[in-house]
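For reference, the structure discussed in these notes is given below.
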Amino acid sequence: MDYQTALDYLYSQLPMFTRDGPSAFKKDLTNTIELCKRLDNPQTQFKSVHIAGTNGKGSTSHMLAAISQTAGYKTGLYTSPHLKDFRERIRINGEMINEQHVIDFVEKHQSDFEDIKPSFFEMTVAMAFDAFVKEEVNIAVIEVGLGGRLDSTNIITPLLSVITNIGWDHMNMLGNTKQLIAGEKAGVIKPGIPVVIGEYQPEVADVFINKAKVERATISFASEEWEVLKSEVRSLKSEVGQEYVDFQIIKKDLGLKTQDLRLDLPGTYQLKNVKAVLSAVEELRKQGFVITDEHIKTALKQVKKLTGLHGRWEVLGHHPLTICDTGHNPEGIAEVLKNIKNVSYQKLHFVMGVVNDKDISKILALLPPKAIYYFCKPNIPRGLDADSLKQQAANFGLIGRNYPSVKDAFKAAQTNAGENDLVFVGGSTFVVAEVV
């Protein structure tokens, strides 16, 4: 078996949420438990941090991993979905696992797959855990795929759980109220394991407080612990992709002691995620990890370089200024629009595509009617047809043309945009994957 054959097996033999949507989501941990049992339960053989939430969990995971590896700890990182290469999902100190590991894992356990019939995600989680044991990581940062309580990653017992925030996403699987969604996310809170909640949201805070009380887990809200005093986005225009946000932050209970930090993820929404990361670091310090303020400072200014993260308010070019972002639900799009407002431009050209299994009305209601839209379908079966997206958008006063592919839409936007215009690409992670 070569690498492509192994990948084809993973992608085509069994359900994959990226491709097939809700039909691939299994509300049960049985398969993951059984598969990992046959792997000698790798999830019990490494230390971990578990990160859930509606928005920001990927960025939070990458920032925390960058800090851990800068502090000298061999760090595993499991995230999803990937943008370009399947192996982006499983990294050791920022490096993707090698192709041979994927081949060996599929070959060795193919009979187990045929017997258990796990989903694509269940297989991928098992592969990650297996890799972290073989590579003898000191700690692994594990991002939840979807939800929390019944997510395949939720068979770990971490040192710490982090829940970034709660927003409207995957309601057809997690519930149609924020309280129900929060209940699913709160499923990562384990007995006696501390939990950091990134953002205090009054409508769901009690869900987490009550769950922590039942589990006798200490709980903290990062947004209440930290305050950003000032921030400024800076750009090294000679180098595309070298944009930063410089900010000053204080721990509220320490009074005047400030930290001046630079983050190479320039979306201002990242300042919410940074608070969760800093609170997580404080908890890891309590558990014996040696992570200095200098480690934090060094890591945050090179998260992308250290971990390979892409697609978060990422500048793809200048003249016209071209930016992409993977925000794909109402809260994520709202944060994107805040950042767009801070950009100086003449006209906004919005390249947009979405998936077909979500209610996008809340998103469309937020978008600026003055923008010029380039509607497209991401190249996955779940992608919403561009003409259908155009028709739904028209109901909200959003006008544009539909294009046969993301690349065609992107090329048209680049061609039509003036030197002082802004081209933004988003609406779905899978749209961004086709342009980065």
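The values are calculated or read from the model by the stated rules, or taken from the named source; none is laboratory data. Everything numeric in this text was worked out from a predicted model, so none of it was measured. Positions of Cβ are generated from backbone atoms using ideal geometry, with glycine treated the same way; all protein chains shown enter the neighbour counts. Calculation scope for accessible area: heavy atoms of the full protein, side chains included, ligands and nucleic acids excluded. Shrake-Rupley method; radii C 1.70, N 1.55, O 1.52, S 1.80 Å.
What the table shows:
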item	result
Separation between Cα centres of region 296-355 and region 201-234, rounded to whole Å	25 Å
Residue-normalised accessible area of region 253-347, given per residue in Å² at a 1.4 Å probe	44 Å²
Extension gain from Lys108 to Thr415, taking 0.36 nm per residue of separation minus the Cα-Cα distance	105.6 nm
Net charge over other residues, Cβ less than 13 angstrom from the Cβ of Val303 (K, R count +1; D, E count -1)	+4
Calculated log₁₀ intensity ratio I(q)/I(0) where the Debye formula runs over C-alpha points of region 317-357, q = 0.23 Å⁻¹	-0.90
Residue-count net charge about Ala186 - beta-carbon cut-off 15 Å; Lys, Arg +1, Asp, Glu -1	+2
Extension gain, Ile250 back to Lys37 (0.36 nm per residue minus Cα-Cα distance, nm)	72.2 nm
Kirkwood Rh (inverse of mean 1/r, distinct Cα pairs), the chain, angstrom	22.2 Å
Extension gain (nm, one decimal) between Asn98 and Ala334, 0.36 nm per residue minus Cα-Cα	81.2 nm
Per residue solvent-accessible surface (Å²) - region 65-203, probe of 1.4 Å	32 Å²
Qualifying lysines (Cα of each under 17 Å from Cα of Lys190; at least 8 residues distant if same chain)	Lys47, Lys211, Lys213
Computed E for Lys213/Lys305 - FRET, C-beta separation, R0 41 angstrom, nearest 0.05	0.50
Share, in percent, of DSSP beta bridges within the chain that are antiparallel, nearest 5	40 percent
Area of Asp104 that stays accessible when all protein chains are in place (1.4 Å probe, Å², to 10)	80 Å²
Residue-level accessible surface for Met123, protein heavy atoms, 1.4 Å, Å²	0 Å²
Qualifying aspartates and glutamates (Cα of each under 13 Å from Cα of Lys251; at least 8 residues distant if same chain)	Glu224, Glu225, Glu227, Asp260, Glu282, Asp293
Solvent-accessible surface (1.4 angstrom probe) belonging to Thr75, in square angstrom, nearest 10	0 Å²
Residue-averaged [θ]222 nm for the chain, counting only DSSP H segments that reach four residues, each worth -39500 (n - 2.57)	-11000 deg cm²/dmol
Probe 1.4 Å, all protein chains present, accessible-area order of Tyr9, Tyr200, largest first	Tyr200, Tyr9
With every protein chain in place, the chain: carbon and sulfur % of accessible area (1.4 Å)	48 percent
Accessible-area ranking of Arg149, Arg89, Arg312, Arg401, largest first, probe 1.4 Å	Arg401, Arg149, Arg312, Arg89
Ranking by accessible area, most exposed first, for Tyr373, Tyr403 with a 1.4 Å probe	Tyr403, Tyr373
Pair Asp28, Asn138: separation of 7 Å Cα→Cβ label points (nm)	4.1 nm
Estimated FRET transfer efficiency when R0 is 41 angstrom, pair Gln45-Lys84 (beta carbons, to 0.05)	0.85
Where GluC sites (Glu not before Pro) in DSSP loops with at most 12 other Cβ within 10 Å are excluded, longest remaining stretch of the chain	240-418
